[in-house]
1. Would you please calculate the Kirkwood hydrodynamic radius of segment 222-282 over all C-alpha pairs and express it in Å, rounded to one decimal?
2. Grab the other residues whose beta carbon is less than 15 angstrom from that of N183, score K and R as +1, D and E as -1, and report the net.
3. Where the centroid of each part is defined by its Cα atoms, how far is segment 354-392 from segment 238-252 in Å?
4. Do the alpha carbons of any pairs in K174/K196; K163/K235; K141/K341 sit beyond 30 Å of each other, and which pairs?
5. To make sure I understand, if each residue's beta carbon is the centre and we count other beta carbons within 10 Å, what order do L33, L373, L230 fall in, fewest to most?
6. Of the peptides 177-184, 379-386, how do they stack up when ordered by the mean number of other Cβ atoms within 10 Å, highest first?
7. Sorting L218, L342 on the 10 Å Cβ count, fewest up front, what's the list?
8. Could you tell me the largest-minus-smallest coordinate of the C-alpha atoms of segment 167-391 on each of the three principal axes, in descending order and whole angstroms?
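FYI, it's all coordinate maths here, none of it is from the lab. Given the structure is predicted, the values throughout are model-derived calculations rather than measurements. Cβ placement follows ideal geometry from the backbone for every residue including glycine, while neighbour counts extend to all protein chains displayed.
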Amino acid sequence: MKLPGEEEATGGGVGPSLVYMVIGVSIFVLIVLFAVFKGNDNKRGGSEYLQQIQEQKEEEIKQEELAALEEEEAAPKLRAEDLDFWDMYPEEEEKKPETDVADTAESVTTRNPYTEKAEREKEEERQKEEEAQNDPATDGKHTLITNRDGSEEWVLISPYLTKNTLDFTKMEDKAGLKRYMENGRKTSYVGVDISKHTGKIYFPSLKAAGVDYVMIRLGSRGYSTGQITLDENFKENIEGAIEAQLDVGIYFYSQAISQDEAVQEANFVVQNLEPYRGKVKYPIAFNMGFVSNDKSRIEGLSREDKTMVTVSFLDAVRAAGYVPMVYGDKQWLLKEVDLAKLQDYDVWLSQEEEIPDYPYRYAMWQYNTDGILNGIDGGADLNICFVNYSER
């Protein structure tokens, strides 16, 4: 039994339109499927590409980190002592342990190459100044003496002894006699020292010439025999001076070789002054010295020995109520006795110079041993005194 239209369909076969439609649908489905698969493939391929790039970057980072690590391990280890970079500069002296910031700063300054030259120049300049200061002729710390044998010697000036403060611009000469003037007024005293060797003396003429005082030799001890003798002209000289109203001082030439002999000499002086006690207002001076062209008793005495002999004489004179004084030239006072132990006594300096360079204080100065003076026929020993002993 056929349905309506079945025969027509069967008999006629499949129509072209249907075939084309099926083919088109198939092609469309294939295209869709192809597109789907292709999209999935592209998506999968893109993800793999990005992943591959990421992995490459990570690999590069790992390689860089590994290289850095290997380089760090290969490099020498930095130690604490490697931080001491001062070894690049030359050391001037042995390095001292650093104690604080100030010491460290000082070390840096010393070793700084930029200041090293300046420091060296400064040190050279300092050394030059020190050498100039150490020159005894210009340093103001030394004074020149002439020894007995004629040799010269620079002697250090003691900072502990009282210095001479006389201003010699105030000194003037009048008729061959020196006077010390202050504010137009004479503040010094003219003197002469005399003995039997002076010869005949006319004391009124001395007074008229402007002499204020005389230093008279009372006696001496023999430089070879050791015998004490009274000056042959002592009595005549002291009485002539007193009569002419001249102030009187005394000196004794000593060759004592012990303290006992020095006391013996002082007692001899005091005993012979007894008749004139109230008339002797100027000092009693101790004059010890060597002799020319011969050996004296005191040659074997040390500096300390001579000092103690001097002190013994002066102390004995003071104990008797007189003013003690030590006499000497520059060489004797600076080399032969210890002035540090004689500071309690006045000094009578003998130095024939226009301006004496004896550095310490002195009360009397013998400036000429061959002067010309009315009242003395031969050469006169001229003196100036800076102390008014007559009013003491």
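1. Here the Kirkwood hydrodynamic radius works out to 12.7 Å.
2. It works out to a net charge of +1.
3. So the two Cα centres are separated by 16 Å.
4. Table pairs above 30 Å Cα-Cα are K163/K235.
5. L33, L230, L373
6. Descending mean neighbour count gives 379-386, 177-184.
7. L342, L218
8. Projected onto the principal axes, the Cα atoms of segment 167-391 cover 47, 37, 36 Å.
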